[in-house]
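Student: Okay, handing you the structure first.
The values are calculated or read from the model by the stated rules, or taken from the named source; none is laboratory data. From a predicted model like this one, the values you see are computed outputs, not experimental measurements. Cβ atoms come from the backbone with ideal geometry, glycine included; neighbour counts cover every protein chain shown.
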Amino acid sequence: MIVEMRTYTLNPGTTPEFEKRFAEALPNRTKLSPLAAFWHTEVGPLNQVIHVWPYEDMAARTRIREEATKQPGWPPNTREFVVSQKSQVFIPAPFSPKLDPAQHGGIYEIRLYTLKPGAVPSQIDRWSTAIGERVKLSPLVFAGHSELGDLNIWCHIWAYKDANHRAEIREKARKEGIWPPKGGQPGTMLKQENMLVVPASFSPLR
């Protein structure tokens, strides 16, 4: 399985209309493969929408995207709002949950870590031993490493009720020694980014 995360930066003030047009066109697209999530940024880089598409493999992605262009109304009529587009393909970690529709809460946090080349296997190993206790506090939505796009990226996505709930859970995990995973080597993590995102009304992950 692969997961494509498409991030579009929009002109300020156009996100509601972009989402409206996307939602209207979506039923024709989801005849071919499911949308996992659609979010817009609330904290972090503003005026961005992020849509997440799982596929069986790259061949399936290529075939489905080609078929999608033949569907009426797809892609949606939103180009006038788009400043830039970015696509990344991730390989889910063995412990990453399925991207099934669910209602988790009000916000999601997307965290992107740039790792030293070759560090992904040890990252997976360390997380595998710690993730069981961490997910008792709040749901892990996705974890995986980049295969296409920016390389050596470790992406993990968490669900929370709101920003206060996020702060409480993260503090509790730190105080109890549950999280972050132990054993990381100095210099393995080169960069950290995060954003808080809110699901659109039509997002399967809410």
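Student: When you look at residue 91, is it farther than 19 Å from residue 203 by Cβ, surrounded by 14 or more Cβ atoms within 10 Å (Cβ to Cβ), without any contact (Cβ under 8 Å) to a residue 60 or more places away in the chain and of a type in the set (A, V, I, L, M), yes or no?
Tutor: Numbers: farther than 19 Å from residue 203 by Cβ: yes; surrounded by 14 or more Cβ atoms within 10 Å (Cβ to Cβ): yes; without any contact (Cβ under 8 Å) to a residue 60 or more places away in the chain: no; of a type in the set (A, V, I, L, M): yes.
The answer is no for residue 91.
Student: A follow-up question, please. Can you report the number of residues in region 158-206 which are in contact with a helix residue (DSSP H, G or I) (Cβ under 8 Å, 6 or more places away or on another chain) and aliphatic (A, V, I, L, M)?
Tutor: Matching residues across region 158-206 total 4.
Student: Mind checking which residues of region 107-127 are farther than 20 Å from residue 5 by Cα and either exposed (fewer than 13 other Cβ atoms within 10 Å of the Cβ) or within 17 Å of the chain's Cα centre (by Cα) (or both)?
Tutor: Result: 117, 118, 121, 125.
Student: Let me ask another. In region 47-62, what residues are under 18 Å from residue 27 (Cα atoms) and of a type in the set (D, E, K, R)?
Tutor: 61 - this is the single residue of region 47-62 that is under 18 Å from residue 27 (Cα atoms) and of a type in the set (D, E, K, R).
Student: Identify the single condition in (1) closer than 26 Å to residue 51 by Cα; (2) touching a residue at least 60 places away in the same chain (Cβ under 8 Å) that residue 146 does not satisfy, given that it satisfies every other one.
Tutor: Exception for residue 146: condition (2).
Student: Among (1) surrounded by 15 or more Cβ atoms within 10 Å (Cβ to Cβ); (2) among the hydrophobic types (A, V, I, L, M, F, W, C); (3) touching a residue at least 60 places away in the same chain (Cβ under 8 Å), there is one condition residue 83 misses while meeting the rest; what is its number?
Tutor: It fails just one condition, (1).
Student: Counting only residues that are among the charged types (D, E, K, R) and within 19 Å of the chain's Cα centre (by Cα), which one in region 1-28 is farthest from residue 112 (Cα to Cα)? Please lay out each step first, then the result.
Tutor: Narrowing region 1-28 to residues among the charged types (D, E, K, R): 4, 6, 17, 19-21, 24.
Narrowing the set further to residues that are within 19 Å of the chain's Cα centre (by Cα) leaves 4, 6, 19.
On the way: 4: 14, 6: 14, 19: 24 Å.
Step by step, filter region 1-28, then rank; the result is 19.
Student: Looking at region 57-69, can you tell me whether even one residue there is within 20 Å of residue 41 (Cβ to Cβ), polar (S, T, N, Q) and surrounded by fewer than 18 Cβ atoms within 10 Å (Cβ to Cβ)? Steps first, please.
Tutor: Our first condition is that a residue be within 20 Å of residue 41 (Cβ to Cβ); within region 57-69, this holds for none.
Within region 57-69, not a single residue is within 20 Å of residue 41 (Cβ to Cβ), polar (S, T, N, Q) and surrounded by fewer than 18 Cβ atoms within 10 Å (Cβ to Cβ).
Student: Next up: Report the residue count in region 72-114 for those that are on the phi > 0 side of the Ramachandran plot and either modelled with pLDDT of 95 or more or assigned to a strand (DSSP E or B) (or both). If you could, list the steps in order and put the result at the bottom.
Tutor: Applying the first criterion (on the phi > 0 side of the Ramachandran plot) to region 72-114 yields 73, 105.
The next check asks that each one be either modelled with pLDDT of 95 or more or assigned to a strand (DSSP E or B) (or both); those that pass are none.
Here the count works out to 0.
Student: Here's a follow-up. Within region 33-50, does at least one residue satisfy the condition of being among the polar types (S, T, N, Q), surrounded by fewer than 17 Cβ atoms within 10 Å (Cβ to Cβ) and within 21 Å of the chain's Cα centre (by Cα)? Working first, answer last.
Tutor: Initially, region 33-50 is screened for residues among the polar types (S, T, N, Q), giving 33, 41, 47-48.
With surrounded by fewer than 17 Cβ atoms within 10 Å (Cβ to Cβ) added as a condition, the list becomes none.
No, the conditions are met nowhere in region 33-50.
Let's see how each residue does on (1) at pLDDT below 95; (2) surrounded by fewer than 17 Cβ atoms within 10 Å (Cβ to Cβ); (3) of a type in the set (S, T, N, Q); (4) within 16 Å of residue 115 (Cα to Cα):
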position: 151; (1), (2), (3), (4): no, yes, no, yes
position: 157; (1), (2), (3), (4): no, no, no, no
position: 167; (1), (2), (3), (4): no, yes, no, no
position: 171; (1), (2), (3), (4): no, yes, no, no
position: 174; (1), (2), (3), (4): no, yes, no, no
position: 180; (1), (2), (3), (4): yes, yes, no, yes
position: 183; (1), (2), (3), (4): yes, yes, no, yes
position: 200; (1), (2), (3), (4): no, no, no, no
position: 204; (1), (2), (3), (4): no, no, no, no
